[in-house]
1. Roughly how much of Thr16 is accessible, in Å² to the nearest 10, using a 1.4 Å probe?
2. For the full complex of protein chains and a 1.4 angstrom probe, list Ile46, Ile78 by accessible area with the highest value first.
3. To the nearest 10 square angstrom, how much accessible area does Leu57 have with a 1.4 angstrom probe?
Amino acid sequence: MLQRNQSDRPSNTALTSGKVLTQYIKHGHPPIDNNSLERAIRPIAISRKNVLFPGSLDHGEGAALMYSLMECCRINQIDPYEWLLDVMKTIETFPKDRLDELLPNKWKPDPVSSVSSSKPPG
């Protein structure tokens, strides 16, 4: 038979975390587990040996940034090539205070210019 303090442990956790859980239920934006994140970083973890020595710290940070942006494209069901091509064409004249609009989760493709015909084979 369980001792009293052992049987109360799950309910005590729920009671002490009530405010946090209430906020999660109210907003619910982030997933309650990190399974999607684990699946997302698996290819990076598998290829870690190939990129173990990027050449310099700056190269490693740049590679990490690109991996993150490409994964963000995948999560938002955006073609990374189309997104990157549009951002590279747009960023030079884009207002600096609105650069966050170019991130994959906020980016809206230009309906007029389709890059599918200019996409390289492969």
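The values are calculated or read from the model by the stated rules, or taken from the named source; none is laboratory data. Because the structure is predicted, anything quoted here is derived from the model rather than measured. Heavy atoms of the whole protein, side chains included, go into the accessibility calculation; ligands, DNA and RNA do not. Shrake-Rupley method; radii C 1.70, N 1.55, O 1.52, S 1.80 Å.
1. Result for Thr16: roughly 120 Å² accessible.
2. On the way: Ile46 130, Ile78 30 Å².
Final ranking, largest accessible area leading: Ile46, Ile78.
3. 130
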